[in-house]
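Only one structure is covered here, and it is reproduced in the block below.
Nothing in this text is a laboratory measurement; each read-out follows from the coordinates by a stated rule. This one's a predicted model, so the numbers in the text were calculated from it and none came from an experiment. Backbone-built Cβ (ideal geometry, glycine too); neighbour counts: all protein chains shown.
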Amino acid sequence: MDFKDTPEEAAYRQQVREWLAANAPKKREGEPDPLGESSDGLAASKAWQAKKAAAGYACITWPKEWGGQGGNPIQQVIFGQEESAYPTPGNPFQIGLGMCVPTVMTFADEDTKKRFVGPAIRGEEIWCQLFSEPSGGSDVAGARTRAERAPDGSGDWIINGQKVWTTGAQFSDFGIVICRTNPDAPKHKGMTMFWIDMKDPGVEVRPIHQMSGGSGFNEVFFTDLRVKDSQRLGAVDDGWRVSLVTLMNERLAVGGASGAGWSAFLESARQTPGLDGGAAIKDQALREKLADWYVQAEGLKHTRNRTMTALSKGETPGPESSIGKIISAVQMQELANSAVEMLDQYGIINDPSLAPLRGAFQASLMSAPGMRIAGGTDEILRNIIAERVLGLPGDIRVDKDVAFKDLPTGR
Amino acid sequence: MNFDFSDDQKFLKNEARKFLEAQCPTSRVRKVLDEDAKSYDEDLWKAVGEQGWLGAAIPEEYNGLGLGRLELCVIAEELGRAVAPIPFASTVYFLAEAIMLAGSEEQKAYLLPRIAAGEVIGAMAVSEGPGVTTASTLQATVEGGKLNGVKLPVTDGDIANVALVLAKENGKPGLYLADLTDPSATCEALKTLDPTRDAARLTFKDAPVRRLGEAGQGFELLEQINDRAAVLLAFEQCGGADRCLEMAKSYALERYAFGRVIGSYQAIKHKLADIYVKNELARSNAYYGAWALNTDAPELPVAASAARIAGSEAYWFASKENIQTHGGIGFTWEMDCHLHYRRSRQLSLVAGAPRVWKERLVSQLERRNAAA
């Protein structure tokens, strides 16, 4: 038991380090940015992606013929570790390369693959995933967006409806969208997947104003959007099976919650006056919480180390890797709230020029509710653990064998 | 990255499980629970000795197997899973580790081979009453090599023949080895929350003792011993907590209510998922503790604290929610649920309660933060 690289891993790490030193932006000097705001805009992201792609680092595990390196998952992890030491621009390609393009690669014809894979890996074109709808987030198979055959006999499809919580739709070039094609069939058996051009006039993207103030997500409206039958991914009415291929990677793509953690809390507690004039860190109640958060964070860190070990040995990681977001999102919220309450009346101030750590805890507090929902709610993740890890039965489905059009819908 | 046990260690773990399933079914644990006169399972203790487990981490020059601490960790996990009613922790995690850590050559040569041979049962005599024992509350004294004082509770104190006792000599706290077969030491068994792991009140009247380690270093040494024991206890806690999850899961899959198995209700599914999450966090922390223990890393105090806190939380949560999942039947004496509920209390308290470890952990994090 140790944390050392195997000789092959060490050699790969060295190669990555040399490449990053020669090609990445200069390492950060001095204070790390507590919010990790390293994005310099889309142009910088695209330029960095192109550099990585040219060197084979954009999609390390993909086959060489598709622009990858033919590498293994541990090499991907090593690159990520080394890259994180540099202030590289944001990565708007993750959803496309992690979820959409693999779906295209699995279900599209050769010409389509040739057309899209290269530009996507080089960061020239960005993809988004259009699954969630106002009527169903956790219940993806409840999609109501309709795709109907064009009446002109061309075989084209006409799409009408609305998607929501679409990350990056505002700058995406293409997307994959799951649509209802047969409302007379049960919900899982009447959906079809298509790829679409996000710049088509039949597509309208509106940003969602989040409770945190930001607008990272969008609503996407389709009005008589016409797509060719050749844009279909998988068979007609077989979209659910296609979507499973896409979603297989979602939990990996969403990852854990970040934000200000236990060490930021400790730092802040040492500098904030507490109950009797001493520092807040002397407060026993806060000390116990701090210990719990540290133990959780360490537990997750070493769970990742266990996962990495499995990858390093060429094994499939065990189910333990599924616990990350359940713990980290809730901790992010609780820790941020305790940090804000520690400031007493001052905690209500949400001005980065006045709040400790430039308002990192206030920012965390306001984005944490989203973390507990995105990429699988706390509740859905518990279902997944209970059903897929522990083997407990799925819920009784009242909607399973009923025609989609006959399902009760509520509001 | 190789953050896992080796194939050999996994093989040992598997063998240990098979051995304990045969030698330590809960019917054997219950004999110790139900019979007041029975303080531990002597046959199992003997069998465990024959397996070489008592000397697993003791060097070969002292007649041990000379394996590492990682081997001890996998054995500990299986003992925890089996709720083994034997003084393994007192003898191996505390006494043997203490001797190997701070013993003189003479003490090592005398005690380690006897521990490996199963001739010694150890006991850790620190507590003297309610609350945390500190330098200011410590009453037991040593003068001219003679110990006077009362210690309670001392886990396995009623069956041990060697105790490691915290006492003051000239006002300086130290750790002292006492021979409990000497008439100067008397013992009285105590009723405890976990009768499968007995405890006693030990009274020393001019008992001849030998100091372990430096004078005045009692608490420092005790912390080091507790760090080592905490990692091994964390593995017992992981083993117990995983067993609770298995019990809860299998009951949830066979028990029907309102026309369906209770494991199909989200209230139960989410409860079991929460147990799983805590168990995995405990396991990952325990692994890190194992690494630190095995390599004697400077991170050991922090790693051991985290392992102990996570292990205590996981076993407590799993043991109480296992009873809850079982419903009324889980509250009966006949069901095994309470064996784990009891053992989870014993393991959480024996090397100091989680509250104490949380304080220790945060103090160390503070120092690290201040130094950075």
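The figures follow:
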quantity	calculated
With 10 Å bins from 0: P(r) over chain A, alpha-carbon pairs, percent	4, 18, 28, 27, 16, 6, 1, 0
With Cα atoms, 0 to 90° folded angle of helix A:73-83 axis to chain A main axis	50 degrees
HN-Hα J in Hz across segment A:190-207 - Karplus 6.51, -1.76, 1.60, θ = phi - 60°, x for Gly and Pro	x, 10, 9, 9, 9, 9, 9, 8, 5, 8, 5, x, x, 10, 10, 10, 10, x
Mean separation of Cα contacts under 8 Å, 6 or more apart, over the residue count of segment A:253-329: relative contact order %	31 percent
Debye equation applied to the C-alpha atoms of the protein assembly as shown, log10 I(q)/I(0) at 0.04, 0.08 Å⁻¹	-0.21, -0.78
Residue-averaged beta-carbon neighbours from other chains (10 angstrom radius) around A:322-333	2
Peptides ranked, highest mean first, by Cβ atoms within 10 Å: ranges B:321-333, B:346-358, B:129-141	B:346-358, B:321-333, B:129-141
Length added when fully stretched, A:GLU124-A:ASP2, from 0.36 nm per residue minus Cα-Cα	39.8 nm
Mean Cα-pair separation over length for chain A, i.e. relative contact order, pairs under 8 Å, 6 or more apart, %	13 percent
Pairwise label distance in nanometres, A:MET248 with A:THR377, each label 7 Å out on the Cα-Cβ vector	2.7 nm
Pair A:GLU148, B:GLU106: separation of 7 Å Cα→Cβ label points (nm)	9.9 nm
Using a Förster distance of 41 Å, the FRET efficiency for B:TYR256-B:ASP7 (Cβ separation, nearest 0.05)	0.45
C-alpha long axis of helix A:360-371 to longest principal axis of chain A, angle in °	30 degrees
Highest average packing first - A:313-319, B:263-269, Cβ atoms within 10 Å	B:263-269, A:313-319
B:ALA215 paired with B:THR295, simple spin-label distance in nm, labels 7 Å along Cα-to-beta-carbon	3.9 nm
Residues of type lysines that B:LYS146 reaches as a straight line, Cα spacing below 28 Å, ignoring anything fewer than 8 places off in the same chain	B:LYS108, B:LYS168, B:LYS172, B:LYS205
Charge context of B:ASN63, other residues only, Cβ under 13 angstrom, K/R +1, D/E -1	-1
Structure-based [θ]222 nm, chain B - -39500 (n - 2.57) summed over DSSP H runs of at least 4, per residue, nearest 500	-17500 deg cm²/dmol
Links that overshoot a 28 Å alpha carbon limit, given the list B:LYS38/B:LYS358; A:LYS51/A:LYS113; B:LYS46/B:LYS191	B:LYS38/B:LYS358
Cβ-derived FRET efficiency at R0 45 Å, A:TYR346 paired with A:ASP200, nearest 0.05	0.35
Cα-based convex hull volume of segment A:205-361 per residue, rounded to whole Å³	172 Å³
0 to 90° range, to nearest 10: angle between helix A:42-54 axis and chain A longest Cα axis	80 degrees
